[in-house]
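Working notes, beginning with the structure itself.
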Amino acid sequence: MLDGHHSETMSYPNSDSRILCDMLSMCFDGFSANSTLYGRVSNTLDKHIFKKVSSLYRRLAERLLYGVGALPEDTGTMNPEPGYIAIAYLSALNAPEKYASSRVMSVNWQVIKRVGKLVRLLDDKLFANTIIDYLVCIQVLLDNVRHRRKAAKLMEGKYRA
């Protein structure tokens, strides 16, 4: 479903480029954090979950990078949200092992929410729909994970932030 969204690289207006770069930053951080946690967790359910979430974030980040084309010049006015997400993932990864999985999952929900808000600001609605397809896949996976972890009694609180 998601692999068929390859088209020619488009040049986006500056506003879209900056939004896409913010989304790219958050998705790359999601890929990196989930990948790191995949290597640290010991139970099979968590290993599978973090590998899959990491893979979905990587695919979305690749798609966003492909869509951005040339990176815009740094104007010093970057949206602070990607920085908050990076800090949240680092804090979650530095949490005691007992809480790291739940905290990373909580940040994953924050990313979905924040990227979902940013995608509405894009001028290119066709590309926005492509991004929404990826977000829906990640959200469905996170919903399923929440139910599976709850059933396996691996949850320490709610995932949604």
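Taking every residue in region 70-98 that is over 16 Å from Met23 (Cβ atoms) and among the basic types (Lys, Arg) and pairing it with any residue that is modelled with pLDDT of 90 or more and open to solvent by 30 Å² or more (accessible area, probe 1.4 Å), at least 6 positions away or on another chain, yields no pair with a Cβ-Cβ distance below 7 Å.
Counting only residues that are under 18 Å from Ser106 (Cβ atoms) and either open to solvent by less than 50 Å² (accessible area, probe 1.4 Å) or touching a Phe, Trp or Tyr at 6+ places or on another chain (Cβ under 6 Å) (or both), region 125-151 holds 8 of them.
Conditions tested, residue by residue: (1) buried (at least 20 other Cβ atoms within 10 Å of the Cβ); (2) at pLDDT below 85.
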position: Tyr57; (1), (2): yes, no
position: Gly67; (1), (2): yes, yes
position: Leu71; (1), (2): no, yes
position: Glu81; (1), (2): no, yes
position: Ala95; (1), (2): no, no
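Of the listed requirements (1) at pLDDT below 95; (2) of a type in the set (Phe, Trp, Tyr); (3) in contact with a Phe, Trp or Tyr (Cβ under 8 Å, 6 or more places away or on another chain), Tyr99 misses just one: (3).
Rundown of residues vs (1) among the small types (Gly, Ala, Ser); (2) crowded, with 16+ Cβ neighbours inside 10 Å; (3) under 21 Å from Ala152 (Cβ atoms), yes/no style:
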site	(1), (2), (3)
Gly30	yes, yes, no
Phe50	no, yes, yes
Leu60	no, yes, no
Arg63	no, yes, no
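The single condition from (1) at pLDDT 90 or above; (2) over 20 Å from Leu37 (Cα atoms) that Val104 fails is (2). Looking across region 100-123, just one residue is in contact with an Asp or Glu (Cβ under 6 Å, 6 or more places away or on another chain) and surrounded by fewer than 16 Cβ atoms within 10 Å (Cβ to Cβ), and that is Asp123. Across region 32-48, the qualifying residues are those that are at pLDDT below 90 and either among the basic types (Lys, Arg) or outside any helix (DSSP H, G or I) (or both), and the one among them that is surrounded by the fewest Cβ atoms within 10 Å (Cβ to Cβ) is Ser42. Of all residues in region 126-153, those being assigned to a helix (DSSP H, G or I), over 18 Å from Asp22 (Cβ atoms) and free of Cβ contacts under 8 Å to residues at least 12 places away in the same chain number 9.
The values are calculated or read from the model by the stated rules, or taken from the named source; none is laboratory data. Only a predicted model underlies this, so the values are computations on that prediction, with no experimental measurement involved. Cβ atoms come from the backbone with ideal geometry, glycine included; neighbour counts cover every protein chain shown. For the accessible areas, the whole protein counts, side chains as well, though only heavy atoms, and no ligand, DNA or RNA atoms are used. Shrake-Rupley method; radii C 1.70, N 1.55, O 1.52, S 1.80 Å.
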